[in-house]
Amino acid sequence: MERLQLTDFLKYRYPSALAFSPDGARLAFALKRIDEEKDCYRWSLWVYTPETGACAELPGSEGQRRAVWDGPERLLLIERQSDPELLARGIEESWSTLVRLNVSNGGREELFRLPLSVTAVWPAGAGRYFVTAETHLDRPNLLTLAPPLREREAARRLHTKGYKTLTELPLCENGVGMYNQTRNTLFLVEADGAFRQLTPEDWDVNRVSAGEGQVLFTAFPFRDVKPVTEGMYLWSVAEGLRTLITPDQYSIDFVGFHGQEFLCLGLVMKDYGVYEHPTFFLVNEDGAHSLGRYNRRVNSEVVTDSFDGAVRGQKMVGKALYFLNTNGVGTQLCRWTREEGVSALLTTDDYLIDFDTLDGERFALVAATGLDLPEVYLWQGGALLRTSHFNDQVSAGRTLSVPEAFSFLDRDGVEIDGFVLKPAGYRPGASYPGILHIHGGPKMVFGPGFHHEMQLWAARGYFVFYCNPRGSCGKGNDFADLQGRYGTVDFQDLMDFTDEVLVRYPDIDPERLGVCGGSYGGFMTNWVIGHTHRFRCAVSQRSISNYVGDYLLSDIGYYYVPDQQLGTVWDHPERLWTASPLSYADQVRTPTLFIHSDKDYRCTLNNGLEMFAALKLHGVESKLCLFYGEDHGLSRTGTPSNRICRMEEILAWLDRYLKEGSAHDEMP
């Protein structure tokens, strides 16, 4: 048996976007894998047939990330192509071809070619389709203009290609870029390929549930500043557009048809802000009627660096809603009905990631069980039946550290759940370095499943310990609420957890501890080093260091910061500054490695640069690795070669300060 290798992740495969065919005879899903030679990711569709057990890649489906059935044997594909004439002139404008692919014989039927950059498609019956497409307020679609206007607009774009005009917030969107004046717009495409726009030009469509001749959706109507709340709407062939919930009430997690009524999962945000759990509403002609708040999220928030793909989250079957949630350190498959409320169908500490069902009896699941990587399973009560084996060869022959779970009471009597990985080749009585790893969110959860980065640290001889402090998901609104308290009770819980780990595992050397984290975990790493000197080194990734700047620059900062830190730079600037790790940089003595991406628009680059500069000015040994072209998801979705370099830098930093005989041993 061999220890886990840094580059093992290059062989991981991730199934997602499960979709049963309408007759239930087939299950389609998308599969993501790494192309080492071209240093990129590849996507394609696969089809599993439960009756025969056959599972095969669907030829002609390259690049498709979501399976959409259009009948029992045909899948809809969206193929986007840049207009060649415009591209030759340096102008990007895309056509989209909708293709129907027969999964039995491989036959391809091109339905229509649209002068739109289509983002998603739903069958609408009678040969019609609903589609969403990217549109722009600051420029017309060149492909829809008559020749004289088209040439004039093309000339204008070439003339102004050296700059971009910004007029709205958010300025950008992580993973997308400068998204200013861009909208996701809803269209209806007729059987002959004619299309019409269903939503006004300034509406940004979010959640969509399509039916026969009608579509239920949410949207943000806005100019200048995008709100947190969104409206709920119905468009039908018979009645046109109707407003069901005005766009000034809720942030919405889900909408679906509930007989002649409609189900809405809305965040009221009066008690716990933007991180509040949803309230169930039934919506009809008389308005939205509350059925009570649910004290969990209606999706899975278990943290892993070993999955990427589209997930369903929720699905209506008749008048029942099925969804995944996070409960404690595990996940549940749940059902809600008006008569019975929420009931758990499947409860497990394993990581349930995605699901689909046609009847509420048989389910397809993407799950990571034990220390396995994600695979496709069927479930109909009883045990999970595994149907895919994409990652068997990766894990075969690898020795992994089994997470040891425990719970303890912190200084306030609150129960905290945590885990410890022992180092590979562990020998009782020997002395080992340890790493405290802090998850992102903060409203996420560490579970007992496989995490490549932490398993790699254990394989390199480290104890690794991690927990779910207050602020984490899985234990209700009160436990998760950190409004105005970042760096207080969560910091206490992390330090109490570290103390508890050192008592339970005396082979960890308390003089050789490191602390690491990304996103919220990066914020907390910055906070930790400004409030304690117990850690010999730190690795802060995609972090927040200064809420004053993050308020105005992050893609979510303009609403997240005042909501969570209870202030702005004008009404309570002292709150933002005292909540910022940068304000404590003069107290830092811990050598720190910063990892940041130049296109991270969630925790923007200024955070890493400012904290790095502050430590340098105060004589603290520090280093910043800036990755070009990457965003907030570097550790999970970044270019494979950059992911390798990132981990090499982290390992080298940890080894330098935490391994026996390190240069740091001689420092005062």
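Laid out as a table, the results:
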read-out	value
Out of THR199, THR218, sole residue that is at pLDDT 95 or above, touching a Lys or Arg at 6+ places or on another chain (Cβ under 9 Å), assigned to a strand (DSSP E or B) and β-branched (Val, Ile, Thr)	THR218
Looking only at the stretch 481-513, and only at residues there that are β-branched (Val, Ile, Thr) and in contact with a Phe, Trp or Tyr (Cβ under 8 Å, 6 or more places away or on another chain), the one that is nearest to PRO428 (Cα to Cα)	ILE508
Search result, residues across the stretch 461-479 that are charged (D, E, K, R) and either in a loop (DSSP other than H, G, I, E, B) or modelled with pLDDT under 95 (or both)	ARG470, LYS475
Conditions (1) surrounded by 15 or more Cβ atoms within 10 Å (Cβ to Cβ); (2) of a type outside the set (S, T, N, Q); (3) part of a strand (DSSP E or B): number failed by LEU10	(3)
In the stretch 200-213, residue farthest from PHE254 (Cα to Cα) [restricted to those that are without any contact (Cβ under 8 Å) to a residue 24 or more places away in the chain and not aromatic (Phe, Trp, Tyr)]	PRO200
Selected residue (criterion: nearest to ALA155 (Cα to Cα)) from residues of the stretch 55-89 that are in a strand (DSSP E or B) and not hydrophobic (A, V, I, L, M, F, W, C)	SER82
Any chance TRP69 is closer than 30 Å to GLU375 by Cα and touching a residue at least 12 places away in the same chain (Cβ under 8 Å)	yes
Unique match (being crowded, with 17+ Cβ neighbours inside 10 Å, touching a residue at least 24 places away in the same chain (Cβ under 8 Å), over 17 Å from PHE257 (Cα atoms) and among the aromatic types (Phe, Trp, Tyr)) among PHE355, PHE323	PHE355
Residues of the stretch 141-200 satisfying the condition of being acidic (Asp, Glu), more than 29 Å from the chain's Cα centre (by Cα) and over 24 Å from LEU87 (Cβ atoms)	GLU190, ASP192
Lone qualifier among GLN249, GLN214 - being surrounded by 16 or more Cβ atoms within 10 Å (Cβ to Cβ), within 17 Å of ARG196 (Cβ to Cβ) and of a type outside the set (A, V, I, L, M, F, W, C)	GLN214
Residue, surrounded by the most Cβ atoms within 10 Å (Cβ to Cβ), within the stretch 90-110, restricted to residues that are touching a helix residue (DSSP H, G or I) at 6+ places or on another chain (Cβ under 8 Å) and in a loop (DSSP other than H, G, I, E, B)	GLU93
Pair list, Cβ < 9 Å and 6+ apart or interchain, from the stretch 423-435 residues that are of a type in the set (Phe, Trp, Tyr) to residues that are modelled with pLDDT of 95 or more and in a strand (DSSP E or B)	TYR426/TYR432; TYR426/PHE463; TYR432/PHE463; TYR432/ILE508; TYR432/ASP509; TYR432/ARG512
Of all residues in the stretch 602-618 being buried (at least 24 other Cβ atoms within 10 Å of the Cβ) and part of a loop (DSSP other than H, G, I, E, B), the one that is nearest to the chain's Cα centre (by Cα)	CYS603
Matching helices (runs of 4 or more DSSP H) fully within the stretch 480-579 where at least 2 residues are in contact (Cβ under 8 Å) with a residue 40 or more places away in the chain and either out of contact with any Cys (no Cβ under 8 Å at 6 or more places or on another chain) or over 30 Å from GLY461 (Cβ atoms) (or both)	489-504, 520-529, 547-553, 557-565
Hits in the stretch 285-312 - residues which are within 30 Å of GLY517 (Cα to Cα) and free of Cβ contacts under 8 Å to residues at least 60 places away in the same chain	TYR294, VAL298, ASN299, SER300
Candidates GLN64, GLN81 - the one that is among the polar types (S, T, N, Q) and either crowded, with 19+ Cβ neighbours inside 10 Å or touching a Gly at 6+ places or on another chain (Cβ under 8 Å) (or both)	GLN64
Residue in the stretch 203-214 that is modelled with pLDDT of 95 or more, closer than 30 Å to ASP598 by Cα and of a type in the set (A, V, I, L, M) present	yes
Residues (outside any strand (DSSP E or B) and over 22 Å from the mean Cα position of the chain (by Cα)) located in the stretch 342-364	LEU358, ASP359, GLY360, GLU361, ARG362
Meets criteria (closer than 28 Å to ARG139 by Cα and either among the small types (Gly, Ala, Ser) or in contact with a strand residue (DSSP E or B) (Cβ under 7 Å, 6 or more places away or on another chain) (or both)) for GLY90	yes
Given (1) surrounded by fewer than 21 Cβ atoms within 10 Å (Cβ to Cβ); (2) small (Gly, Ala, Ser); (3) not in a loop (DSSP other than H, G, I, E, B), number of the condition ALA458 does not satisfy	(1)
Exclusive hit being surrounded by fewer than 24 Cβ atoms within 10 Å (Cβ to Cβ) and more than 29 Å from ASP655 (Cα to Cα), set GLU415, GLU404	GLU415
Only listed residue being closer than 26 Å to VAL501 by Cβ and charged (D, E, K, R), chosen from GLU375, GLU404	GLU404
Which listed residue, of LYS11, LYS38, is of a type in the set (Lys, Arg) and in contact (Cβ under 8 Å) with a residue 40 or more places away in the chain	LYS11
Of all residues making up the stretch 182-194, the number that are surrounded by 18 or more Cβ atoms within 10 Å (Cβ to Cβ) and either part of a loop (DSSP other than H, G, I, E, B) or in contact (Cβ under 8 Å) with a residue 60 or more places away in the chain (or both)	4
Any hit, the stretch 520-541, residues being basic (Lys, Arg), surrounded by fewer than 20 Cβ atoms within 10 Å (Cβ to Cβ) and modelled with pLDDT of 95 or more	yes
Tally, over the stretch 37-54, of residues that are part of a strand (DSSP E or B) and surrounded by 12 or more Cβ atoms within 10 Å (Cβ to Cβ)	9
Top-ranked residue of the stretch 543-572 - restricted to ones that are out of contact with any strand residue (DSSP E or B) (no Cβ under 6 Å at 6 or more places or on another chain) and among the acidic types (Asp, Glu), ranked as surrounded by the most Cβ atoms within 10 Å (Cβ to Cβ)	ASP550
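Residue-by-condition table, conditions (1) farther than 21 Å from CYS473 by Cβ; (2) in contact with a strand residue (DSSP E or B) (Cβ under 9 Å, 6 or more places away or on another chain):
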position: LEU373; (1), (2): yes, yes
position: ARG386; (1), (2): yes, yes
position: SER407; (1), (2): no, yes
position: ASP412; (1), (2): no, no
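The values are calculated or read from the model by the stated rules, or taken from the named source; none is laboratory data. A quick note: this is a predicted structure, and the numbers were derived from the prediction, not measured. Here Cβ is always computed from backbone atoms with ideal geometry, including for glycine, and neighbour counts include all displayed protein chains.
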